[in-house]
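Asker: If you scroll down you'll find the structure; I have some questions about it.
The values are calculated or read from the model by the stated rules, or taken from the named source; none is laboratory data. Please read these numbers as outputs of a predicted model, since none were measured by experiment. Ideal geometry is used to build each Cβ from the backbone, glycine not excepted, and the neighbour counts take in all protein chains shown. In case anyone asks, the SASA skips ligands and DNA or RNA and just uses the protein heavy atoms, side chains included. Shrake-Rupley method; radii C 1.70, N 1.55, O 1.52, S 1.80 Å.
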2 protein chains.
Amino acid sequence: MKNFTKVLKQHNLKTTPQRLAILEAVYKYGHISIDTLYIEIKKVFNSISQATIYKNINIMINSMLLFEVKLPNEKSVYEIVQNKHSHFLCNCCGEVTDIYIDTKQMIDNISKEYSFTINQTDLVFSGTCKKCKDFNILKN
Amino acid sequence: MKNFTKVLKQHNLKTTPQRLAILEAVYKYGHISIDTLYIEIKKVFNSISQATIYKNINIMINSMLLFEVKLPNEKSVYEIVQNKHSHFLCNCCGEVTDIYIDTKQMIDNISKEYSFTINQTDLVFSGTCKKCKDFNILKN
DNA sequence: CTCTGTGCAAAGCGTTTGCAAACGA
DNA sequence: TCGTTTGCAAACGCTTTGCACAGAG
């Protein structure tokens, strides 16, 4: 993932410097909140307005180019749609990490037991990441 | 779960008719959004204000009496804290169902592989429930 | 009786909208 | 050139707050 001009074209969206800046920031951060996105882009693109950020985030979500990750006790963060994965939220440093787990068996079980057809899974695990654990040991 | 006066006491919250009405509605619905909650309570308790609903929902969440379930593409719903479980959201009828799956193995695997300490899991599966599937077959 | 909770209205805040000007294709 | 996007400011809608009064313990 690098050529965002191409990505925008593939989603039938016109290329603008604002859109490229948004995608670059989301890509760089991996997961980013609206507020951070605005602050971050403002640094290199001072004229950008919040309205532009909001409009484009919504357009890109509707075009399935971005995905909103809803987190417990936190504001949502946004990521570029790539492969399916789950998330881990560190309650200590706030970082969101992509995690890859095989959900096939679990989905099969639920589908069978409850007679549901499942076509999306949003899994968020929270706790403490390695860095924060190590740091807490040092501190005490 | 039935004696909400007792439940409130256990959480060091004073009993008021408003709080009982809120808990009864949440209990009755299983999962309820703020808007539905207000409309529903207003029917039987006309003088209640939205501010009261909001204040109490927040107090009860902080007291771990209520839990907020964040759903993809939907407003959050609230439920009474009981045993650990996951959720299924039907994109067709909007209903939220509690589902019980064993997450121990999955959490162990993630903990080991990523060196995370996991103390909360928020799992939401979405798709179509049995009722909606059956109804769609009839329709076609 | 005291302290907390309620209801109202106002304020706050994040998000959306309308519109003229700028820009991409 | 034509339709889309941007930036601004205003509007919007959900949520929180301040305050006087009512109610719980």
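Asker: Show the residue pairs that are 6+ apart or on different chains and have beta-carbon atoms under 9 Å apart, the first residue being within the stretch A:31-44 and among the polar types (S, T, N, Q), the second being more than 14 Å from DNA strand C (Cβ to nearest atom) and in a helix (DSSP H, G or I).
Answerer: These pairs meet every condition: A:Thr36/A:Ala25; A:Thr36/A:Tyr29.
Asker: Related question: Among (1) aromatic (Phe, Trp, Tyr); (2) over 19 Å from B:Lys84 (Cα atoms); (3) in contact with a strand residue (DSSP E or B) (Cβ under 6 Å, 6 or more places away or on another chain), where does B:Phe67 come up short?
Answerer: Of (1) aromatic (Phe, Trp, Tyr); (2) over 19 Å from B:Lys84 (Cα atoms); (3) in contact with a strand residue (DSSP E or B) (Cβ under 6 Å, 6 or more places away or on another chain), only one is false for B:Phe67: (2).
Asker: What number of residues in the stretch B:121-134 are facing chain A (nearest Cβ under 7 Å), outside any loop (DSSP other than H, G, I, E, B) and farther than 12 Å from A:Asp122 by Cα? Give the steps one after another, and end with the answer.
Answerer: Taking the stretch B:121-134 and keeping what is facing chain A (nearest Cβ under 7 Å), we get B:121-130, B:133.
Those still in the list that are outside any loop (DSSP other than H, G, I, E, B) too: B:121-128, B:130, B:133.
Then keep just the ones that are farther than 12 Å from A:Asp122 by Cα; that gives B:128, B:130, B:133.
Total meeting the criteria: 3.
Asker: Enumerate the pairs (first residue in the stretch A:48-61 and assigned by TED's automatic domain parsing to the domain that holds A:Gln10; second residue anywhere and more than 7 Å from DNA strand D (Cβ to nearest atom) and among the hydroxyl-bearing types (Ser, Thr, Tyr)) with beta-carbon separation below 6 Å, excluding pairs fewer than 6 apart on the same chain, so at least 6 apart or on different chains.
Answerer: Listed by first residue and then by second, the contacts come to A:Gln50/A:Tyr38; A:Ile53/A:Tyr38.
Asker: Quick one: which residue in B:Ile107, B:Ile137, B:Ile118 is assigned to a helix (DSSP H, G or I), touching a strand residue (DSSP E or B) at 6+ places or on another chain (Cβ under 6 Å) and either open to solvent by less than 40 Å² (accessible area, probe 1.4 Å) or not assigned by TED's automatic domain parsing to the domain that holds B:Lys28 (or both)?
Answerer: When all the criteria are applied, what remains is B:Ile107.
Asker: Does at least one position in the stretch B:88-103 carry a residue that is touching a Ser or Thr at 6+ places or on another chain (Cβ under 9 Å) and not assigned by TED's automatic domain parsing to the domain that holds B:Lys131?
Answerer: no
Asker: Also: Is one or more of the residues making up the stretch A:63-73 away from DNA strand C (no atom under 16 Å from the Cβ) and over 23 Å from A:Leu37 (Cα atoms)?
Answerer: Checking the stretch A:63-73: not a single residue is away from DNA strand C (no atom under 16 Å from the Cβ) and over 23 Å from A:Leu37 (Cα atoms).
Asker: Please list, ordered by first then second residue, the pairs with beta carbon atoms under 9 Å, 6 or more apart or interchain, first in the stretch A:88-110 and at pLDDT 95 or above, second assigned to a loop (DSSP other than H, G, I, E, B) and of a type in the set (Val, Ile, Thr).
Answerer: Once the first residue is at pLDDT 95 or above and sits in the stretch A:88-110, its partners that are assigned to a loop (DSSP other than H, G, I, E, B) and of a type in the set (Val, Ile, Thr) give A:Met106/B:Ile101; A:Met106/B:Thr103; A:Asn109/B:Ile101; A:Ile110/B:Ile101.
Asker: Of all the strands (runs of 3 or more DSSP E) wholly in the stretch B:1-100, which have at least 3 residues that are crowded, with 19+ Cβ neighbours inside 10 Å?
Answerer: Hits in the stretch B:1-100: B:77-80, B:86-90.
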